[in-house]
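Take a look at the structure set out below.
The values are calculated or read from the model by the stated rules, or taken from the named source; none is laboratory data. Given the structure is predicted, the values throughout are model-derived calculations rather than measurements. All Cβ positions, glycine included, derive from the backbone under ideal geometry; neighbour counts span all protein chains shown. Quick note on the areas: whole protein, heavy atoms, side chains included, nothing else; ligands and nucleic acids left out. Shrake-Rupley method; radii C 1.70, N 1.55, O 1.52, S 1.80 Å.
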Amino acid sequence: QVQLVESGGGLVHLWGSLRLSCAASGSIPSFFAMGWYLQVPVQQRELVAQIISDGNTVYADSVKGRFTIYRNNAQNSVYLQMNGLKPDDTAVYYCHLTNFWDRQIAWGQGTQVTVSS
(Lines give C-alpha, C1' and ligand atoms only; values in the text may rest on other atoms or scores of the structure.)
Protein backbone atom coordinates (compact mmCIF):
# COMPACT_ATOMS: atom_id res chain seq x y z
CA GLN A 1 0.00 0.00 0.00
CA VAL A 2 1.16 3.48 -0.88
CA GLN A 3 -0.09 6.59 0.87
CA LEU A 4 0.18 10.05 -0.68
CA VAL A 5 -0.06 13.35 1.17
CA GLU A 6 -0.38 16.55 -0.81
CA SER A 7 0.23 20.14 0.15
CA GLY A 8 0.20 23.45 -1.64
CA GLY A 9 -2.50 24.83 -3.85
CA GLY A 10 -4.65 27.86 -3.16
CA LEU A 11 -5.81 31.05 -4.85
CA VAL A 12 -3.53 33.12 -7.08
CA HIS A 13 -3.96 35.87 -9.63
CA LEU A 14 -3.31 35.60 -13.34
CA TRP A 15 0.37 34.79 -14.14
CA GLY A 16 1.03 33.93 -10.50
CA SER A 17 2.92 30.91 -9.19
CA LEU A 18 2.23 28.01 -6.88
CA ARG A 19 4.10 24.89 -5.83
CA LEU A 20 2.43 21.57 -5.12
CA SER A 21 4.10 18.92 -3.02
CA CYS A 22 3.35 15.21 -2.70
CA ALA A 23 5.00 12.87 -0.23
CA ALA A 24 4.75 9.11 -0.64
CA SER A 25 5.02 6.52 2.11
CA GLY A 26 4.48 2.80 2.40
CA SER A 27 5.54 0.15 -0.12
CA ILE A 28 6.97 2.23 -2.94
CA PRO A 29 7.71 0.12 -6.02
CA SER A 30 10.97 0.17 -7.93
CA PHE A 31 9.35 1.10 -11.25
CA PHE A 32 6.70 3.78 -11.09
CA ALA A 33 5.41 7.11 -12.23
CA MET A 34 4.48 9.89 -9.84
CA GLY A 35 2.92 13.23 -10.54
CA TRP A 36 -0.36 15.09 -10.90
CA TYR A 37 -3.66 14.88 -12.67
CA LEU A 38 -6.20 17.67 -12.67
CA GLN A 39 -9.97 17.42 -12.65
CA VAL A 40 -12.69 19.97 -13.30
CA PRO A 41 -16.38 19.28 -12.64
CA VAL A 42 -18.07 16.71 -14.89
CA GLN A 43 -14.82 15.90 -16.69
CA GLN A 44 -12.34 13.06 -16.36
CA ARG A 45 -8.99 13.51 -14.72
CA GLU A 46 -6.26 14.66 -17.08
CA LEU A 47 -2.53 14.18 -16.75
CA VAL A 48 -0.65 17.38 -15.96
CA ALA A 49 2.88 16.12 -15.39
CA GLN A 50 4.63 13.07 -14.09
CA ILE A 51 8.13 11.85 -13.43
CA ILE A 52 9.14 8.27 -13.97
CA SER A 53 11.37 6.37 -11.56
CA ASP A 54 14.15 6.50 -14.18
CA GLY A 55 13.97 10.30 -14.15
CA ASN A 56 12.11 10.89 -17.38
CA THR A 57 9.34 13.48 -17.30
CA VAL A 58 6.07 13.83 -19.14
CA TYR A 59 4.05 17.04 -19.47
CA ALA A 60 0.67 17.91 -20.92
CA ASP A 61 1.07 20.23 -23.91
CA SER A 62 -0.92 22.91 -22.10
CA VAL A 63 1.66 23.25 -19.31
CA LYS A 64 4.95 22.81 -21.18
CA GLY A 65 7.23 25.73 -20.50
CA ARG A 66 5.20 26.86 -17.48
CA PHE A 67 5.22 23.90 -15.08
CA THR A 68 8.20 21.93 -13.84
CA ILE A 69 8.06 18.63 -12.01
CA TYR A 70 11.00 17.46 -9.90
CA ARG A 71 11.62 15.07 -7.07
CA ASN A 72 13.49 14.48 -3.86
CA ASN A 73 14.30 10.78 -3.80
CA ALA A 74 15.49 10.81 -0.19
CA GLN A 75 12.07 12.08 0.91
CA ASN A 76 10.03 10.10 -1.64
CA SER A 77 8.50 13.40 -2.69
CA VAL A 78 7.69 15.14 -5.92
CA TYR A 79 7.01 18.80 -6.50
CA LEU A 80 5.18 20.69 -9.20
CA GLN A 81 6.31 24.25 -9.70
CA MET A 82 3.54 26.08 -11.54
CA ASN A 83 4.42 29.43 -13.08
CA GLY A 84 2.45 31.65 -15.42
CA LEU A 85 -0.85 30.37 -14.07
CA LYS A 86 -3.98 31.08 -16.06
CA PRO A 87 -7.70 30.71 -15.25
CA ASP A 88 -7.79 27.55 -17.39
CA ASP A 89 -5.45 25.94 -14.85
CA THR A 90 -8.18 26.16 -12.20
CA ALA A 91 -8.97 22.63 -11.03
CA VAL A 92 -8.51 20.10 -8.27
CA TYR A 93 -5.04 18.61 -8.60
CA TYR A 94 -4.54 15.00 -7.54
CA CYS A 95 -1.17 13.45 -6.86
CA HIS A 96 -0.80 9.92 -8.19
CA LEU A 97 1.68 7.08 -7.99
CA THR A 98 1.30 4.40 -10.63
CA ASN A 99 3.01 1.09 -9.99
CA PHE A 100 4.19 -0.23 -13.34
CA TRP A 101 4.59 -3.77 -11.98
CA ASP A 102 0.92 -4.32 -11.07
CA ARG A 103 -0.71 -1.20 -12.57
CA GLN A 104 -2.12 -0.15 -9.20
CA ILE A 105 -2.66 3.58 -8.83
CA ALA A 106 -2.61 5.44 -5.53
CA TRP A 107 -4.21 8.88 -5.28
CA GLY A 108 -3.75 11.81 -2.97
CA GLN A 109 -6.66 13.64 -1.41
CA GLY A 110 -6.64 16.43 -3.98
CA THR A 111 -5.85 20.11 -3.61
CA GLN A 112 -7.72 23.03 -5.13
CA VAL A 113 -5.90 25.46 -7.39
CA THR A 114 -7.84 28.58 -8.35
CA VAL A 115 -6.50 31.24 -10.70
CA SER A 116 -8.38 34.51 -10.87
CA SER A 117 -8.26 36.91 -13.77
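Positive contributions from Lys and Arg (+1) and negative ones from Asp and Glu (-1), summed over other residues with Cβ under 15 Å from the Cβ of Val92, come out at -3. The label-point distance for Phe31 and Trp15, in a model that sets each label 7 Å from Cα toward Cβ, rounds to 4.5 nm. A cut-off under 15 angstrom between Cβ atoms defines the neighbours of Gly10, and their net charge, with Lys, Arg +1 and Asp, Glu -1, is -1.
Other residues whose C-beta falls under 15 angstrom from the C-beta of Ser116 contribute a net charge of -1, scoring Lys and Arg +1 and Asp and Glu -1.
Among the trypsin sites (Lys or Arg not before Pro) in region 1-101, those located in a DSSP loop and surrounded by at most 10 other Cβ atoms within 10 Å of their own Cβ are Lys64. I'd like the FRET efficiency for Ala74 and Ser116, computed as 1/(1 + (r/R0)^6) with the beta carbon distance as r and R0 of 35 Å, rounded to 0.05. Once the sixth-power term is evaluated, E becomes 0.45.
Heavy-atom surface analysis with a 1.4 Å probe gives the chain a carbon and sulfur content of 50 percent of its accessible area.
Accessible surface of Ile28, taken over heavy atoms with a 1.4 Å probe and every protein chain present, rounds to 50 Å².
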